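The values are calculated or read from the model by the stated rules, or taken from the named source; none is laboratory data. Computed from a predicted structure; not experimentally measured. As a convention, Cβ positions derive from the backbone with ideal geometry for all residues, glycine included, and neighbour counts pool all protein chains shown.
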Amino acid sequence: MIALYPGSFDPITYGHLDIILRAAKLCEKVIIVIMSNDEKDGTFSCEERKKMIEQCTSTLENVEIHIGSGLTIDYALKVNANVLIRGVRAVTDYEYEMQLATTNMALNSDIETLFLMAKPEYSFLSSSTAKTIAKNGGDLSYFVPDNVAKELYQKYK
Ligand code: ADP
């Protein structure tokens, strides 16, 4: 099973990292793709996000990090992925994730979306919460790895 884990990862948090570690155990290969065609402007450039993810996943041999654009399904076909990985934190994620998964199913029914439930200790964690904490000089140690915390503090200095 080749999995594609798409997202903004702006920046990566311990919640994303947990999903990556668990997906890497389940799948032959996990391709993380930073999708650059979001309407939302990023805080970090795609290259900066990629570098941070690389630093956090360097020990995982079956994980690759890409930057992509266009439809996720098209990207999955391009890299021969047969499964999309998404994380679900709370019921508030459900509607959005269901809409995405159903749309992707309509576009290509051969590619399944596999949902992994967030670990309870990370279920409140998001990139935007980490950014708010960094902006206000709070403690980021529970939210993001050290290299990411450094970049966040630098960004809001
Ligand atoms: P997107 O903008 O595509 O939602 P994100 O980077 O915010 O991109 O999230 C990518 C995926 O990771 C989504 O499926 C999201 O639900 C999941 N995710 C984000 N934070 C967490 C977390 N703390 N625990 C588990 N999954 C998470």
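May I ask you to verify whether residue 85 is near the ligand (Cβ under 9 Å from one of its atoms) and either in a strand (DSSP E or B) or touching a residue at least 12 places away in the same chain (Cβ under 8 Å) (or both)?
Against the criterion (near the ligand (Cβ under 9 Å from one of its atoms) and either in a strand (DSSP E or B) or touching a residue at least 12 places away in the same chain (Cβ under 8 Å) (or both)), residue 85 qualifies.
Is there a residue being of a type outside the set (Asp, Glu), part of a helix (DSSP H, G or I), within 10 Å of the ligand (Cβ to nearest atom) and touching a Ser or Thr at 6+ places or on another chain (Cβ under 7 Å) anywhere in the range 106-124? No, because not a single residue in the range 106-124 is of a type outside the set (Asp, Glu), part of a helix (DSSP H, G or I), within 10 Å of the ligand (Cβ to nearest atom) and touching a Ser or Thr at 6+ places or on another chain (Cβ under 7 Å).
From the list 18, 93, exactly one residue is modelled with pLDDT under 95, part of a helix (DSSP H, G or I), of a type in the set (D, E, K, R) and surrounded by 13 or more Cβ atoms within 10 Å (Cβ to Cβ). Which is it?
93
For residue 142, the requirement of being farther than 20 Å from residue 8 by Cβ and either crowded, with 16+ Cβ neighbours inside 10 Å or in contact (Cβ under 8 Å) with a residue 12 or more places away in the chain (or both) is met.
Suppose we keep only residues that are of a type in the set (Val, Ile, Thr) and either surrounded by 16 or more Cβ atoms within 10 Å (Cβ to Cβ) or within 12 Å of the ligand (Cβ to nearest atom) (or both) within the range 125-137. Which one would you say is farthest from residue 157 (Cα to Cα)?
If we take residues in the range 125-137 being of a type in the set (Val, Ile, Thr) and either surrounded by 16 or more Cβ atoms within 10 Å (Cβ to Cβ) or within 12 Å of the ligand (Cβ to nearest atom) (or both), then 129 is farthest from residue 157 (Cα to Cα).
So, residue 68, is that one more than 17 Å from residue 20 (Cα to Cα), touching a helix residue (DSSP H, G or I) at 6+ places or on another chain (Cβ under 6 Å) and among the small types (Gly, Ala, Ser) or not? Yes: the conditions hold for residue 68.
Applying the set (1) farther than 20 Å from residue 35 by Cβ; (2) modelled with pLDDT of 95 or more; (3) within 11 Å of the ligand (Cβ to nearest atom); (4) not charged (D, E, K, R) to residue 100 leaves exactly one unmet item: (1). Here is the figure for the range 52-81: residues that are without any contact (Cβ under 8 Å) to a residue 60 or more places away in the chain and more than 30 Å from residue 155 (Cβ to Cβ) total 6. Among the residues of the range 27-51, the one identified as assigned to a helix (DSSP H, G or I), more than 12 Å from the chain's Cα centre (by Cα) and in contact (Cβ under 8 Å) with a residue 40 or more places away in the chain is 48. Residues that are out of contact with any Gly (no Cβ under 6 Å at 6 or more places or on another chain), farther than 19 Å from residue 129 by Cα, within 10 Å of the ligand (Cβ to nearest atom) and assigned to a strand (DSSP E or B) are absent from the range 52-64.
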